[in-house]
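What follows is calculated from the coordinates using simple rules that are stated; it is not laboratory data. Note that this is a predicted model, so its numbers are computed, not measured. Reconstructed Cβ throughout: ideal geometry from the backbone, glycine too, with neighbour counts over all protein chains shown.
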Amino acid sequence: MTGPCAGHDAAVTDRSTLTGSAYRNDRALAARQSLYRWQAPRYDLPGLVMEELKALRGTVVDVGCGNGRFIQRIRAGRPDLRLLGLDVSAGILDGVPGHVGIADAERLPLRSHSVAAALALHMLYHVRDIPQAVGELSRVITERGIVIASTNSDRDKSELNQLWERAAGDVLGREKGPSRISLSARFSLEKARDLLGEAFGTVRSIDLPGTITVRSAEPVVAHMESYRAWADHHEVPFAPTIERAREIVDRHIAQHGAFSIEARGGLLVCSR
């Protein structure tokens, strides 16, 4: 596979980038998570996951658990469940409570049919071989177990993509700059059902649309800066583009009172 698509895929799946920069700690991930504080309606994602787990007993594994946001919430609300957090990055696991381990989603260190539920929340797009990882998720759950995945639509936060292209164009001295890296493109909502359907008989979608409205450029800038690990793949000077984006958002807010972004994410609940 060659060309821009291959370059994009290599960038978002490169292990050294993921462990050494993008998720060396939780700073960038927390910046992306924090943008949703300004979304309406607001969704309690850990609460929605817990609702799907309400009839289950036993072990829940969070594959690609990141900073442990979901693990902490599940532990507080369901102390009866055994929880295990796995991630490829040792650094981001610092501070995650309970049992954690370093593991690749393509080779889960778990026995077949050993967990009641497996979570794969906003992470399958970082896996090199997505069908292999989906097969592993299917392998480790019990016959009545479930897998809960999450991702974003191809149309998610299109306003930020347009902002980046406009700012990059200004920096480069042309009408429109190159697109920014899209983390979810390899496993977007539009692709996820088919990819998961290869291993599961039932894939149920829960759409979570909303509008993010900010009255300061800071949340937008923090979100865009969280992509710094992939700065070399943006084909434009990263820092000047970020600063130009700040200026554009500041001017927009001064004229209109707010800057709005359409968020289009969702959960997918899978069973056999």
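Points worth noting:
- Per-residue Cβ neighbour counts within 10 Å put Met123, Met50 in the sequence Met50, Met123, beginning with the fewest.
- Antiparallel beta bridges, as assigned by DSSP with both residues in region 57-163, represent about 5 percent of the total such bridges.
- Within the same chain, lysines fewer than 8 places from Lys157 are excluded, and of the rest, those with a Cα less than 26 Å from its Cα are Lys176, Lys191.
- Most to least packed among 66-73, 90-97 [average Cβ atoms within 10 Å]: 66-73, 90-97
- Tilt relative to the chain, helix 4-13 - C-alpha long axis, 0 to 90 degrees, to 10: 60 degrees
- Filtered trypsin sites (Lys or Arg not before Pro), region 111-157: DSSP coil and at most 16 other beta carbons within 10 Å: Arg111, Arg128, Arg155
- In this Cβ point-charge picture (+1 for Lys and Arg, -1 for Asp and Glu), region 191-239 has a dipole of about 220 debye about its Cα centre.
- Here the Karplus curve 6.51 cos²θ - 1.76 cosθ + 1.60, taken at θ = phi - 60°, turns the phi angles of region 53-65 into couplings of 8, 4, 8, 9, 10, x, 9, 10, 10, 9, 8, x, 6 Hz, with x standing for Gly and Pro.
- For region 17-76, the square roots of the Cα gyration tensor eigenvalues, ordered a ≥ b ≥ c, give a/c of at least 1.5 with a/b no greater than b/c, which places it in the oblate category.
- Each residue of region 82-90 was assigned a 3J(HN,Hα) from its phi angle through the Karplus expression (A = 6.51, B = -1.76, C = 1.60, θ = phi - 60°), giving 8, 10, 9, x, 10, 7, 6, 9, 5 Hz with x at Gly and Pro.
- In a reduced charge model with +1 at each Lys and Arg Cβ and -1 at each Asp and Glu Cβ, region 109-204 shows a dipole moment near 120 debye about its Cα centre.
- Assigned charges on the beta-carbon of Lys, Arg, Asp, Glu; region 4-271 dipole about Cα centre (debye): 580 debye
- Neighbour cut-off at most 14 other Cβ (10 Å), DSSP loop, trypsin sites (Lys or Arg not before Pro), region 215-244: Arg215
- Under Karplus coefficients 6.51, -1.76 and 1.60, residue-wise ³J(HN,Hα) of region 232-238 in Hz, glycine/proline x: 5, 9, 8, 6, 7, x, 5
- For the chain, calculated [θ]222 nm from helices alone, where every DSSP H run of n ≥ 4 adds -39500 (n - 2.57): -11000 deg cm²/dmol
- Cα gyration tensor shape of the chain, rounded if a/c is under 1.5, else prolate or oblate by comparing a/b with b/c: prolate
- Between Glu198 and Ala231, the modelled labels are 3.6 nm apart [label points 7 Å from Cα along Cα→Cβ].
- Spin-label model, Asp129 to Arg251: label points 7 Å out along the Cα-to-beta-carbon direction sit 5.0 nm apart.
- Subtracting the Cα-Cα distance of Asn25 and Ala258 from their residue separation scaled by 0.36 nm leaves 80.8 nm.
- Farthest positive-ward along the chain dipole, Cα basis, beta-carbon charges - from Gln162, Gly20, Tyr36: Tyr36
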